[in-house]
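The values are calculated or read from the model by the stated rules, or taken from the named source; none is laboratory data. Quick caveat, the model's predicted, so the values are computed rather than measured. Here the Cβ positions follow ideal geometry from the backbone for every residue, glycine too, while neighbour counts run over all protein chains shown. Surface areas here come from the heavy atoms of the whole protein model, side chains and all, with no ligands, DNA or RNA. Shrake-Rupley method; radii C 1.70, N 1.55, O 1.52, S 1.80 Å.
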Amino acid sequence: MTTPRLPKVAGIDSPPGQVPPPAPNAAPAPSVSQVTPAAPAPGAVIQDRLAGWVSDLTTLHELTERLARTAALEDALHELLRAGASLVGARRGLVVLEPGDGRGPDTTVGLGLSRPDLGHIETVPRGATSYGRILDGLSAEPEARADLLAEDGLDPRHREVAARLGYAASYALPLATEAAGRLGAAVWLYDEPAEPVERQRHLIGLYTAYATEHLARLLELERTRAWSRTVADELLPPRLPRVAGVQLAARHHTGPRGGGDWYDALPLPEGALGLAVGSVSGSGASAVAAMGRLRASLRAYAVMEGEDPVAVLSDLELLLRLTEPARSATALFAYCEPAQRKIVLAGAGHSPPLVIGERRTEYAETTLSAPLGMLACWEAPSVEITPAPGETVLLYTDGLLRRTGDPMDRAFARLHAAAASVPKALREDPAAISDHVLRAVLPDGLDTADSEEDVVLLAARFE
């Protein structure tokens, strides 16, 4: 007699004799749908919340660390947009910097938006945009517009631009601090109708609060740098003189803190020309002011006794020692007679001029001398050079050499190689020669990068 097979349990074919039959009075087992899931333990909920908070704090720490490493205002604006987009789940955005005090600088930076795209957005009436209402003081709170194209009162131009650029929602935040006031506004754009959830709004609020303080510091630094550059540029010649027999060109790049490098070119009696370059020790407003005083004094001495460069620098050294006892300076003054192509020059701790011509590229032989203010009494002999027709004499400051980052001997070699490589087609234009030398000596934008060193070039081509 065969033992009957028992039914399958949960899809498993049970072997005979291992699953006992149910008791006669046993209640039927509840179905799966009747089983109530057990509530999570309170400790598990707290752990989940703690894990979420730790994750959020870690994210904020990483993003603020990246922002804190930015040292330029535009870099900080780009970083703000990238971090904000990751926090609110957007792909594109823009930040409009428009300080409420009216002192500028005013700028607009985009993320995932080209310059033409930003131009289209700027054609939307200001009052129809979230960032426009923030900038105009009509709104001081974050503004979420979850479905722009579904809004009944949406400005027609705004609707057209949103459809053209393909965004359907936006989230805008003011950038303001108690100390600096309103700096601007940031807005992130969504490709589809959406808005950040409460957790995302909290995180982006914390991040922008820190970012705005950082932007305020960089804004003040940028204003200071711009002021220093403007003052330094205004203290230099507004234009170069026109003197028969010689062509002039100058290039000047001021460091971020404002330095004391300068140049000058002034016509002198009997068709002569005075050329000067120099550098005052230190940086900042005091160095710029000292540079202005020194340059003005040298002009006066050059008019009175320019034919004797040693006397000019001796008087300048005496003035510096009496009025600026804690400061030193380097200077080079050249008395030029273009009709005779004759140059008499003297230098005080300054680098020698570079003569650039078709048949030679060489440094002029000058005597070694101490900078002004370093000795009890400065004195050095003058030297005379005679450039050939078509040759250019290049005067420069040591900032050009130091900005390369090379040792001085290698920097001099680099400058010589750059001057020797000037194409023949450019040798008749001192401005083109100066630009070529700058690009060759300071490649990859080092001539415009933030550096503590000023750069001055003064080129004189003799006909």
Filtered residue count, segment 174-186, keeping only those that are open to solvent by 10 Å² or more (accessible area, probe 1.4 Å) and either touching a Phe, Trp or Tyr at 6+ places or on another chain (Cβ under 6 Å) or not polar (S, T, N, Q) (or both): 7
From the options Gly245, Gly132, residue that is surrounded by 15 or more Cβ atoms within 10 Å (Cβ to Cβ) and touching an Asp or Glu at 6+ places or on another chain (Cβ under 6 Å): Gly245
Boolean, Glu192 is in a helix (DSSP H, G or I), open to solvent by 30 Å² or more (accessible area, probe 1.4 Å) and either under 19 Å from Leu94 (Cα atoms) or free of Cβ contacts under 8 Å to residues at least 40 places away in the same chain (or both): no
Of all residues in segment 287-309 being touching a Leu at 6+ places or on another chain (Cβ under 6 Å) and touching a residue at least 40 places away in the same chain (Cβ under 8 Å), the one that is nearest to Leu273 (Cα to Cα): Pro309
All positions within segment 101-129 that are within 21 Å of Ala176 (Cα to Cα), surrounded by fewer than 18 Cβ atoms within 10 Å (Cβ to Cβ), free of Cβ contacts under 8 Å to residues at least 60 places away in the same chain and not small (Gly, Ala, Ser): Asp106, Thr107, Arg126
Residue, least open to solvent (accessible area, probe 1.4 Å), within segment 49-84, restricted to residues that are at pLDDT 90 or above and of a type in the set (Asp, Glu): Glu79
Unmet criterion (only one of (1) within 21 Å of the chain's Cα centre (by Cα); (2) at positive phi) for Gly271: (1)
Near pairs, Cβ below 6 angstrom, 6+ apart or cross-chain, from segment 271-286 (within 22 Å of Leu400 (Cβ to Cβ)) to any residue that is at pLDDT below 85 and open to solvent by less than 40 Å² (accessible area, probe 1.4 Å): Ser279/Gly260; Val280/Gly260; Val280/Ala287; Ser283/Gly259; Gly284/Gly258
